[in-house]
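Here's the structure we're looking at; comments come further down.
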Amino acid sequence: MALLARADVVVVGGGLHGCSAALHCALRGLSVVVVEKNTVARHASGVNAGGVRRLGRHPAEIPISVFSMKLWHRIAELVDDDCGFQPAPQIKVAETEAELAALSERAALVRGLGYEHEELLDQARLRELLPAVAEHCVGGLASMGDGYAVPYLTTFAFQRKARALGVRFFEETRAQELTRDGTVWRLSTDRGTVEAETLVNCGGAWANLVAARLGEPAPVEAIAPMMLVTARLPHFCDAVVGATGRPLSFKQMPNGTVVIGGGRRGVADPETDRTDLRFAELRLTARTAAEVFPVMAGATIVRGWAGIEGRMPDDIPVIGPSTTEERVFHAFGFSAHGFQLGPGVGSIMAELVATGATQAPIAPFSIGRFQGGGSLAAATAPVH
Amino acid sequence: MRCDLAVIGAGPAGLAAATRAAEAGLAVELFDEQPAPGGQIYRAIETVPAPRRALLGPDYAAGAALAAAFRASGAGYRPGALVWNVDSQLNVDFSQDGRSRQCRARAVVVATGAIERPTPLPGWTLPGVTTAGALQILLKAQGLVPAEGVVLAGSGPLLLLLAEQLTRAGAAPRAIVETVPRGRLSAAARHLPAALRAPGYLAKGLAMLRALKRAGVPFHRGAEALAIEGADHAEALSFTAGGRRQRIESRLIALHQGVVPNQQMTRLLRCEHRWSDGQRCFLPVVDDWFESSVEKVFVAGDGAGIGGAKSAALRGRLAALGALRRLGAGEDKRLAGEAAALRGALDKDGAVRPLLEALYAPSAQILAPADDTLICRCEEVTAGALRKAVALGCPGPNQAKSFLRCGMGPCQGRLCGLAVSEVIAAERGEPQQTIDYYRIRPPLKPLPLAELAAFDVGDDAGDEAGDDQDAA
Ligand SMILES: Cc1cc2nc3c(=O)[nH]c(=O)nc-3n(C[C@H](O)[C@H](O)[C@H](O)COP(=O)(O)OP(=O)(O)OC[C@H]3O[C@@H](n4cnc5c(N)ncnc54)[C@H](O)[C@@H]3O)c2cc1C
């Protein structure tokens with residue numbers, strides 16, 4: 001097959017993680033090729049809810065989430081574009097005393113790990129931050145220094161900056177087979193072969209293609225979280241809001257539209273790259289939104305959509321080196337919360353590629369946790 | 001709620017499809033947004049008073065028989081029902097009387113017809129600017145005609161038909177400003193012999209032009225560089241014709257540049273579409289039973305490509321036969337025989353189309369709007385802003401949504417979709433087919449959140465699970 005390109009690094013997948021890894025590798029002076037089977041940002045990275053959230057992270061994710069957050073707050077320095085990033089509190093609302101008690105425990109856990117970003121809100125403070133919240137809400141948990149951004153613009157900005165630094169993107173190009181020739185990886189695609197010393201697998205819901213070729217299959221499930229957006233409403237909410245006892249993610253954009261998600265799932269078909277919405281589920285999303293914010297009862301839905309995302313059985317991603325082959329690194333399976341992690345994880349990947357190691361605590365994310373029985377439980381235990 | 005065949009749209013195509021399928025014994029449900037059958041062309045056909053019916057002419061009156069046959073067919077009918085989603089399992093989600101419900105169908109006929117092509121030109125979003133189609137609706141449904149002389153501007157048979165109908169109703173337009181370029185007629189003339197095979201059309205067209213001339217309606221031909229003047233309301237239309245700039249005062253201006261298939265539902269269903277150079281728009285790909293690339297989804301009427309009312313009814317029947325065949329509800333040989341006759345009639349009726357398409361191709365001005373002309377009215381995006389996004393790297397309509405929010409407003413891109421695809425294609429120097437169109441997401445029209453919250457899906461209720469605490 002004809003040679004398509006040769007580089008130091010080939011990245012499979014043009015989502016935010018692929019673009020971010022490519023950009024950070026280029027910043028370290030490496031030559032990089034990205035292959036993307038559709039178009040950059042076509043999947044999860046271009047259509048997600050845009051939540052930039054440290055709040056409520058799995059303990060293993062907190063360190064990398066905190067690191068990524070620092071990059072978000074000066075995102076324009078990294079990619080020459082503000083990515084539509086708006087600092088805003090992220091708040092998880094408690095609808096019952098029992099939920100508030102659970103949030104209080106959670107706050108203690110995070111403090112115990114040495115982090116200060118999550119704070120418990122009593123009812124008065126919750127009202128102050130969310131004047132439109134329903135009467136029955138008794139308190140909440142907030143991370144004041146979080147925010148949200150515009151997903152497609154973000155991913156595109158990473159691509160553009162990477163391109164400016166010499167990264168070559170091959171879109172509509174599907175990675176197929178992987179073979180090794182001495183120190184060179186040969187990645188065949190439907191448009192030719194790419195040769196590189198290092199391969200980075202950022203294939204999202206499709207990442208198992210590469211993992212399986214390496215003899216370390218990973219149980220990535222393709223899921224389709226669904227979203228709704230309303231027509232413009234008068235301004236009533238400044239924070240990104242979630243619920244504790246039921247799925248909800250909720251924010252009002254600067255233009256007045258309200259974006260509602262929360263993880264209720266439609267039908268994902270990774271073979272055809274399609275999703276179907278399930279309105280039977282979305283009606284529950286609509287109900288929850290109206291119950292937490294009564295003003296929403298008068299809102300109008302203008303559009304719904306879903307995106308294909310890779311989910312791991314333990315809801316945390318795979319990040320780190322292959323356990324079977326040298327010079328292959330994975331970053332996939334972000335389980336519906338990987339947008340916020342994009343800037344940070346890309347930097348960690350580049351560190352791994354360039355130096356072979358990283359200071360970041362990524363052991364819990366090893367792909368090894370899915371190989372063989374014993375290692376699984378050990379690897380998924382939260383790091384304290 | 002279940003049915004064998006769900007038909008969406010009660011114009012000639014939908015009425016004919018529903019009638020034929022019900023006569024064959026299928027359980028049919030016909031959904032339509034309007035309160036009564038007829039679609040755009042035969043709007044209010046069952047209730048129109050005799051004088052108005054006479055004024056609208058014999059082609060309009062022909063719709064009465066279609067509506068009557070439908071009423072007698074035993075097909076289920078849901079007037080005032082807005083279909084806001086059809087999923088890949090052919091569940092039809094619709095809103096009627098403020099309540100949303102679901103009907104599970106075994107096959108679907110999409111007969112959602114045509115919409116007027118968007119006409120982005122300077123001032124087209126000012127109050128006082130409307131479309132020829134909108135004026136005709138007022139005339140058919142309520143017998144209303146403009147109090148002040150309207151200026152009709154653009155091109156297409158509907159423009160002339162409306163002019164004639166208004167004239168007969170005693171509200172002759174102040175002027176017709178036609179954008180068909182000089183020389184187009186002779187270029188289109190090569191389609192004339194073929195067009196003569198379609199009975200009646202040309203004679204009717206010429207009669208229409210003569211009637212307008214007799215009535216003394218000023219007719220400006222070969223107009224270019226149209227602009228609607230006015231600060232907060234239309235005051236005049238200016239244009240260049242016959243080598244000089246002209247200006248006609250009016251506070252009511254109706255634009256028209258032909259009609260194109262309403263693609264929203266076929267796009268939602270992810271039917272394959274192909275660009276048509278002749279019709280200058282995307283058409284769903286259909287086979288000779290009018291079945292789309294999605295099995296058991298049929299597209300009849302103008303939604304499958306502009307063919308007019310007669311062809312629409314023929315296509316509707318053909319689609320019904322296709323559905324009968326697919327559902328195993330008819331004897332193959334008899335269906336094939338009936339279909340062959342319908343195809344013959346379609347071929348004949350469609351013979352006039354190449355001439356009309358060549359003659360009334362949309363004007364260059366609206367295909368490449370000036371930089372400061374609004375292209376997406378919902379989100380107020382100009383053609384220039386779109387070109388800038390393309391220069392930055394925006395590769396297609398779906399990405400333009402993220403760059404500019406164009407197509408993200410309440411109309412879901414219905415009004416800007418084609419113009420956006422055209423501008424991006426021209427800017428990138430790629431064919432429209434490559435640039436493609438917006439992906440269309442449900443609901444097709446805005447849906448009250450409270451109505452969604454009370455959505456009745458029958459036996460397939462969603463469970464309370466839903467467990468990624470996230471996607472925050
Ligand atoms: C509706 C929705 C809402 C969400 N909300 C949030 C949120 O608010 N906050 C948050 O932090 N996260 C959120 N997420 C999750 C977040 O979007 C994802 O975790 C993140 O974008 C994953 O990025 P990625 O690069 O790994 O995957 P993707 O964006 O899916 O990119 C993977 C890419 O790899 C390509 N690819 C795969 N296989 C091949 C191959 N063989 N050859 C070539 N290319 C290939 C795919 O085409 C794809 O483009 C949400 C997700 C969804 C779907």
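Each value in this text was obtained by applying a stated rule to the coordinates, not by laboratory testing. Because the structure is a prediction, the values reported are computed rather than measured. Reconstructed Cβ throughout: ideal geometry from the backbone, glycine too, with neighbour counts over all protein chains shown.
How far is it, in nm, from the label point at B:ALA225 to the one at B:ASP347 when both lie 7 Å from their Cα along the line to the Cβ? The two pseudo-label positions are separated by 4.8 nm. Sorting the Cα pairs of segment B:30-103 by distance into bins of 5 Å, from 0 upward, gives 3, 15, 22, 19, 15, 13, 7, 4, 1, 0 percent per bin.
Cross-link pairs exceeding 32 Å in C-alpha to C-alpha distance, out of A:LYS161/A:LYS251; A:LYS70/B:LYS401; B:LYS296/B:LYS348; B:LYS213/B:LYS310; B:LYS204/B:LYS445, comprise B:LYS204/B:LYS445.
Relative to the current alpha-carbon distance between B:SER186 and B:ALA54, full extension at 0.36 nm per residue lengthens the span by 44.1 nm. For segment A:251-267, the residues whose amide N sits under 15 Å from a probe point set 7 Å from the Cα of B:GLU380 along the beta carbon direction are A:255-257.
Sequentially through segment B:272-280, phi angles give Karplus couplings (6.51, -1.76, 1.60; θ = phi - 60°) of 5, 10, 10, 6, 10, 5, x, 8, 6 Hz, Gly and Pro residues having no value and appearing as x. Sorted largest first, the principal axis extents computed over the alpha-carbon atoms of chain A equal 66, 43, 39 Å. Histogrammed with a bin width of 20 Å, the alpha carbon distances of the protein assembly as shown distribute as 14, 42, 32, 11, 0 percent, first bin at zero.
Segment B:251-327 and segment A:110-154 have Cα centres separated by 50 Å. Working from label points 7 Å from Cα in the Cα-to-Cβ sense, the A:VAL184 to B:GLU331 distance is 6.9 nm. Close amide H pairs (under 5 Å, H built 1.01 Å from N) link B:SER155 with B:THR179, B:HIS256, B:GLN257, B:GLY258, residues at least 5 positions away or on another chain.
Using 0.36 nm per residue, how much length does the chain from A:ASP81 to A:MET144 gain when fully extended, once their Cα-Cα distance is taken away? Contour length minus Cα-Cα distance gives 20.4 nm.
Every pair of different Cα atoms in chain B enters the Kirkwood calculation, which places the hydrodynamic radius at 23.3 Å.
With Cα atoms defining each centre, segment B:353-393 and segment A:227-271 are spaced 33 Å apart in the structure. The value for segment B:118-258 of Rg(Cα) / (2.2 N^0.38 Å) is 1.06. Using R0 = 60 Å, the C-beta based FRET efficiency linking A:ARG274 and B:ALA147 works out to 0.75. Shielding value for A:150-159 is 2, the average number of Cβ atoms from other chains within 10 Å of each residue's Cβ. With Cα atoms defining each centre, segment A:156-202 and segment A:294-373 are spaced 19 Å apart in the structure.
Extending 7 Å from the Cα toward the beta-carbon at both A:ALA134 and A:GLU119 defines two label points whose distance is 2.7 nm. Distances between every pair of Cα atoms in segment B:368-449, grouped in 5 Å steps from 0 to the bin holding the largest one, split as 3, 17, 29, 26, 14, 6, 3, 1, 0 percent. When only the Cβ of Lys, Arg, Asp and Glu is charged (+1, +1, -1, -1), the dipole of chain B relative to its Cα centre reaches about 2140 debye.
Applying a 4.7 Å Cβ-Cβ cutoff to chain B leaves B:CYS3, B:CYS103, B:CYS271, B:CYS281, B:CYS378, B:CYS394, B:CYS411 as cysteine residues with no disulfide-compatible partner. In this structure, A:ASP238 and A:ALA108 have a Cβ-Cβ separation that, at R0 = 22 Å, corresponds to a calculated FRET efficiency of about 0.25. Two numbers describe the Cα atoms of segment B:1-60: Rg and Dmax, which are 13.4, 42 Å. Using the rule -39500 (n - 2.57) for each DSSP H run of four or more residues, divided by the residues of chain A, the 222 nm mean residue ellipticity is -8500 deg cm²/dmol. Diffusion coefficient of segment B:316-464 by Stokes-Einstein, Kirkwood radius over Cα pairs, 25 °C, 0.890 mPa s: 127 µm²/s. Label point of B:LYS204 set 7 angstrom out along Cα-Cβ; within segment B:145-189, amide nitrogens under 15 Å from it belong to B:157-165.
Extension gain for the segment B:SER293 to B:ALA368, taken as residue separation times 0.36 nm less the Cα-Cα distance, is 23.9 nm to one decimal.
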